Amino acid sequence: MLLLVALLLPAVGRTQQSIVPLQLSFSDPGARSMGFGGAFVGLADDATAAIANPAGLAQLIKPEVSIEARHWSHSVPFTEGGRMENLPSGNGLDDTVGIKRATSEYNVSGMSFLSFAYPTGNWTFALFRHQLADLEFLGETQGLFAGGTDCCQIREVDLRTTSDLEMVSWGFSTAYRVNDRLDLGLGVVYNDVTMQTTGTVFLPDDDTLESIFGRNSYLPGRSVIGERSWINDADWTLSGGILWRLSDSWNIGGVYRQGPEIMMDGEAFAGYAIDLGVPPGSVFIEATGQPVDFPDTWGLGFAYRVPDGRLTVSFQWDQIKYSSIADSLQLDDQTIDDVDTLHLGAEYVFLDSTPIIALRIGTWFEPDHQVRATIDDLYLQSLLPAGDDDVHFSAGLGLATKRFQIDFAIDFADRVDTLALSAIYNF
């Protein structure tokens, strides 16, 4: 029993990647920005600049109210089963060469952004609310086999993991117009994070050969050991931006957004299948106050607008420091790579129409940032493989009158499809 527990305890720790899949979105708010493929730091010419680039708020000449709703369709990849080594035996689930991957599908909708911006003199002030993440996940890893092909097959323990993560930020941003060419901005953000995760290790339904090679029903009585983690914490962070008008046609913008440090608690609990010396469901390991450093983000953008104002082209580079998550958790057998995302978008405006019509198109490149194993361990490498890069394609439509603007955009990618509808009213 002690040997089995020694083997299972590391397995519980390894479920952490499946519990919290990294699908955080660091794209700028607003359907207009989405239509540009997220290349908005060099433009930042509406109330969404409160997050995208606080310096851009200085371009506003009237008070503005902005609201946005989004719908996300997520496809989160995870390891379902398969062969960690050698060829499959052909018995039951042991019928696949290599690792089998599946996706956890879920949809979520809600108000993603709300802001109020007020310009006065050389200053502009803005209040905002932003939904950074709203994630749900269910993953079931079963039938991971190793050992020989003709005999001595080994089935690793089966895992069921669930996760629910929500990140909401409230903030205040201000911008100052230094001169006709240069604007500076600063933001103070209150980040509220809640998370509930569970990972449980199960034995097969019974000890028969059919169950050992069959699907797991995840019966409560066959649970061995489990782990729960949760966050209910908040942190204050800073953001800053710059917008420099090189000429009447060219802009360059930069932004920095600090990631929050959030405290996470966790515990391990006993299952029913094996007597661990405590009643089933009892907690026998507790951990509190583990800091989790969410990523800092740096962005640099260029925008060009033709003299007649009909065509605008924008490019943006972002660096996201995902490695801070793994570093703060002190993971010596796993890592997360920092990424550089590239955004490109364009807008054509029909200035003679009533209302004014704008068509937008964009694309952006999102490198892999899955948690991945860094040690020579078949089980961990199978559970935590490297992910895939993702390319997003976006399109948008905008309608604008003297006081009112409404924008619609859609963003397609392998891991998530997003619809956005936003409205801006100035007075």
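Summary of values
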{"item": "Residue (of 319, 291, 204) at the positive-pole extreme of the stretch 2-426, dipole from beta-carbon charges", "result": "319"}
{"item": "Shape call, the stretch 229-385: gyration tensor on alpha carbons, a/c limit 1.5", "result": "prolate"}
{"item": "Only Lys, Arg (+1) and Asp, Glu (-1) charged, at Cβ; the chain dipole about Cα centre in debye", "result": "1700"}
{"item": "Fewest-first sequence of 183, 158, 275, 337 by Cβ atoms within 10 Å of each Cβ", "result": "275, 337, 158, 183"}
{"item": "Least to most buried among 274, 242 (fewest other Cβ within 10 Å first)", "result": "274, 242"}
{"item": "17 Å tail of the calculated P(r), the stretch 300-427, as % of Cα pairs", "result": "70"}
{"item": "Selection from 50, 344, 276 lying farthest towards where the dipole of the stretch 2-426 points positive, charges on Cβ", "result": "50"}
{"item": "Gaussian network model of the chain, springs between alpha carbon atoms under 10 Å - residue of 79, 288, 48 with greatest fluctuation", "result": "288"}
{"item": "Additional length obtainable on full extension of the chain from residue 170 to residue 285, 0.36 nm per residue less Cα span", "result": "37.9 nm"}
{"item": "For the stretch 2-426: relative contact order, % (alpha-carbon pairs under 8 angstrom, 6 or more apart)", "result": "18"}
{"item": "Residue-averaged 222 nm ellipticity for the chain, from DSSP H runs of 4+ at -39500 (n - 2.57), nearest 500", "result": "-2000 deg cm²/dmol"}
{"item": "Sites residue 75 and residue 354 - FRET efficiency at Förster radius 45 Å, r taken between beta-carbons, to 0.05", "result": "0.65"}
{"item": "GNM top mover of 127, 87, 246 - the chain, alpha-carbon springs below 10 Å", "result": "246"}
{"item": "Packing-based exposure ordering (other Cβ within 10 Å, fewest first) of 202, 412", "result": "412, 202"}
{"item": "In range of the label at residue 389: residues from the stretch 334-355 whose backbone nitrogen is under 13 Å from the point 7 Å along Cα→Cβ", "result": "339-343"}
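Values quoted throughout were computed directly from the atomic coordinates according to the rules given, and no laboratory measurement underlies them. All figures in this text were calculated on a predicted structure; none of them were measured in a lab. Here Cβ is always computed from backbone atoms with ideal geometry, including for glycine, and neighbour counts include all displayed protein chains.
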